[in-house]
Amino acid sequence: MTTEPFWKHKSLEEMTRKEWESLCDGCGKCCLVKLEDEDTGAIEATDVACRLLDLGTCRCIDYGHRKRRVPDCVKLTPGNIEELAWMPGTCAYRLVSEGKDLFAWHPLVSGDPDSVHRAGVSLRGKVVSERNVSDEELLDHVVD
């Protein structure tokens, strides 16, 4: 029996559902609205978060039904994480898929779910909800 944390010795495919879900650090970055250029396929990030993202907790307010309520919500899977180049470099799913360790501020490492916010890695206080932004205004919210 190993005493190593599960993410150090299991692949994403080998994880239980509970382990998989616990990898989410609660940063909210995957919930940013992204715009895709129809001609080039280039994806641009905005500072606008999905309408289901609680901007205080950086968690989905209806996680179990998110695909029904937001049809273009991307469900992360072990099979698609490597294809999602827009996922942040701090994302635990991405890190584990690349054979890297989690950051010290990750709640699984720190033992504190608020460590991601204190480290300044989450979207808390940095974005607006798409509930407050019209489609016409989205281009004004593109960020580098």
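Laboratory data are not the source of any read-out in this text; all were calculated from the coordinates shown. Everything numeric here is computed off the predicted structure, so don't read it as measured data. Ideal geometry is used to build each Cβ from the backbone, glycine not excepted, and the neighbour counts take in all protein chains shown.
Things to note:
- Antiparallel content of DSSP bridges confined to the chain, in %, to 5: 80
- Taking 0.36 nm per residue of separation and subtracting the current Cα-Cα distance, fully stretching the chain between Ala42 and Val128 would add 28.7 nm.
- Protection proxy ranking of 118-126, 132-140 - average other beta-carbon atoms within 10 Å, highest first: 118-126, 132-140
- Take each peptide in 100-112, 57-69, count the other Cβ atoms within 10 Å of every residue, and average; sorted highest first, the result is 100-112, 57-69.
- For the range 60-133, a/c is not less than 1.5, where a ≥ b ≥ c are the root eigenvalues of the C-alpha gyration tensor, and a/b does not top b/c. That puts it in the oblate class.
- Of Lys8/Lys29; Lys10/Lys75; Lys10/Lys100; Lys18/Lys126; Lys29/Lys126; Lys8/Lys100, pairs whose Cα-Cα distance is over 18 Å: Lys8/Lys29; Lys10/Lys75; Lys18/Lys126
- Simple Cβ-charge dipole of the chain, Lys/Arg +1 and Asp/Glu -1, about Cα centre, in debye nearest 20: 820
- A cysteine counts as unpartnered when no other cysteine's C-beta lies under 4.7 Å of its own; in the chain this applies to Cys24, Cys27, Cys30, Cys58, Cys60, Cys73, Cys91.
- The range 6-141: C-alpha gyration tensor shape, a/c 1.5 cut-off, then a/b vs b/c: prolate
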